[in-house]
Amino acid sequence: MENDMRSIGETARDSGLGVSALRFYDRAGVLVPAWVDPVSGYRWYAPEQLEEARLLAGLRRAGMPLADIRLVLASWAGTDSDLVRKLLTAHLLRLERGLSDAHREFSALRALLDQRENLMTSLRAATLRLTVAAPELAAALDTVRFAASTDPELPMLCGVLFDIEGESLHVVATDRYRMAVARAGVDGPGGYDGSRVQVIVPTPLADAMRALSHGEGPVRLSLDGDQVTLEAGDRQAAGRCLDHDFPDYRRLLPQAGDRRALVEVADFRRALETGPARRDETGTHDLSVLKVEDDGTVALCSDGDDRADSGQGHIAVNRAFLLDALAAGGRDRLVLEVTSPTAPIAIRRPDDEDGFSVLMPVRLED
């Protein structure tokens, strides 16, 4: 029988639905596999079900409610195309009304934002001179660099935030799916009263600053309006800051997780690279499904494990992002903190609470 059937993985790949989505729609009675192995519980789909799976994927991307999807699929195989057309038309009208409502809300929000910006004092207008220990700045930039965005639609994220306050320089980068924060100490020889100053250093300039930050001596950081300069001996890297506001990263910092696991980075990396992975719903990224056990160890769940769904104590994360975070952690051991399947994962240094990464989880099911 299996020779004529398509596996759940093949159906997921060719339809645009994730494996977890196919499991969900099976349990919901929307797209039930043609045969389920009574021993392993593995799902198999008939060749003609691929068209229904592709239809389902399209309706899902369009945001159609589950009740309507069920009716469309039930009518698709029959002759009642009139009902299908009516359901599609009704959903399109809902989307159009929702878009119109969203336009009105966003117009009101933009007005509030304009008013707020006129009342706020910019943190970017400053002139100061600071010194930073080169090894500290290098380590801080190494910790956050992997999380900087490359999305031209979000230019405010295409750089590294330098957040200076008192005797601390926090460097921060985020691309929305991950965020990294690190700290270096600063010393203000003059022109700095300790008040908070923030600038966004473009990623290429941050990379040039990192290249200068070697050796044991100090480097000098200067801000003059929108110009930022790092000097090391007789060499310097200088350029203009990004003329944008960075998100308030302090509001995004994770709370201490309910479950903490101390992992040996080399062993954990090897387990991630060779262990089980699942494809995300777009079919473009590998996901690792993790569970922090009661004894403080981290388990990797296999793709065929039906228990490895959100809500069952498991959390899915982009595997490449997690590997990047482990490499940027710069330690032989790191702490993973997990709160819930929908809350961010924190990767912390056990000896340095100021250096950590945050990864957004990936939802496995509707």
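The values are calculated or read from the model by the stated rules, or taken from the named source; none is laboratory data. Note that the structure is a prediction, hence the values are computed from the model and not measured. Glycine also receives a Cβ, built like all others from the backbone with ideal geometry; neighbour counts cover every protein chain displayed.
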Check your understanding: Within region 316-338, can you find the residues that are touching a residue at least 60 places away in the same chain (Cβ under 8 Å) and surrounded by fewer than 18 Cβ atoms within 10 Å (Cβ to Cβ)?
Key -> ALA327, GLY330, ARG331, ASP332, ARG333
Practice item. Would you confirm whether any residue within region 34-53 is in contact with a helix residue (DSSP H, G or I) (Cβ under 7 Å, 6 or more places away or on another chain), touching a residue at least 40 places away in the same chain (Cβ under 8 Å) and under 20 Å from ARG363 (Cα atoms)? Key: yes
Check your understanding: If we scan region 170-177, do we find a residue that is of a type in the set (A, V, I, L, M), at pLDDT below 95 and either farther than 14 Å from GLY355 by Cα or not in a loop (DSSP other than H, G, I, E, B) (or both)?
Key -> no
**Study point:** Per-region count, region 165-174, residues without any contact (Cβ under 8 Å) to a residue 60 or more places away in the chain, crowded, with 18+ Cβ neighbours inside 10 Å and of a type outside the set (Val, Ile, Thr)
**Key:** 2
Exercise for review: Considering each residue of region 272-323, count those that are small (Gly, Ala, Ser), within 19 Å of ARG348 (Cα to Cα), modelled with pLDDT of 85 or more and out of contact with any His (no Cβ under 9 Å at 6 or more places or on another chain), and give that number.
Suggested key: 2
Exercise for review: Would you check if LEU242 is over 16 Å from ALA140 (Cβ atoms) and not hydroxyl-bearing (Ser, Thr, Tyr)?
Suggested key: yes
Check your understanding: What strands (runs of 3 or more DSSP E) lie completely within region 187-254 and have 2 or more residues being within 14 Å of ILE164 (Cα to Cα) and modelled with pLDDT of 90 or more?
Key -> 197-202, 218-224
Point to revise | Verdict on ARG94 being within 33 Å of the chain's Cα centre (by Cα), at pLDDT 90 or above and either at positive phi or not acidic (Asp, Glu) (or both) | key: yes
Point to revise | Matching residues in region 158-184 - criterion: being within 20 Å of VAL362 (Cβ to Cβ) and of a type in the set (Lys, Arg) | key: ARG176, ARG178
Revision key, fill the gap. Scanning region 57-74 for residues that are under 26 Å from the mean Cα position of the chain (by Cα) and either outside the structural domain of ARG23 (by TED's automatic domain parsing) or among the aliphatic types (A, V, I, L, M) (or both) gives ALA57, LEU59, ALA62, MET64
Point to revise | Qualifying residues in region 319-366 (those that are touching an Asp or Glu at 6+ places or on another chain (Cβ under 7 Å), in a loop (DSSP other than H, G, I, E, B) and aliphatic (A, V, I, L, M)) - the one nearest to ARG183 (Cα to Cα) | key: VAL362
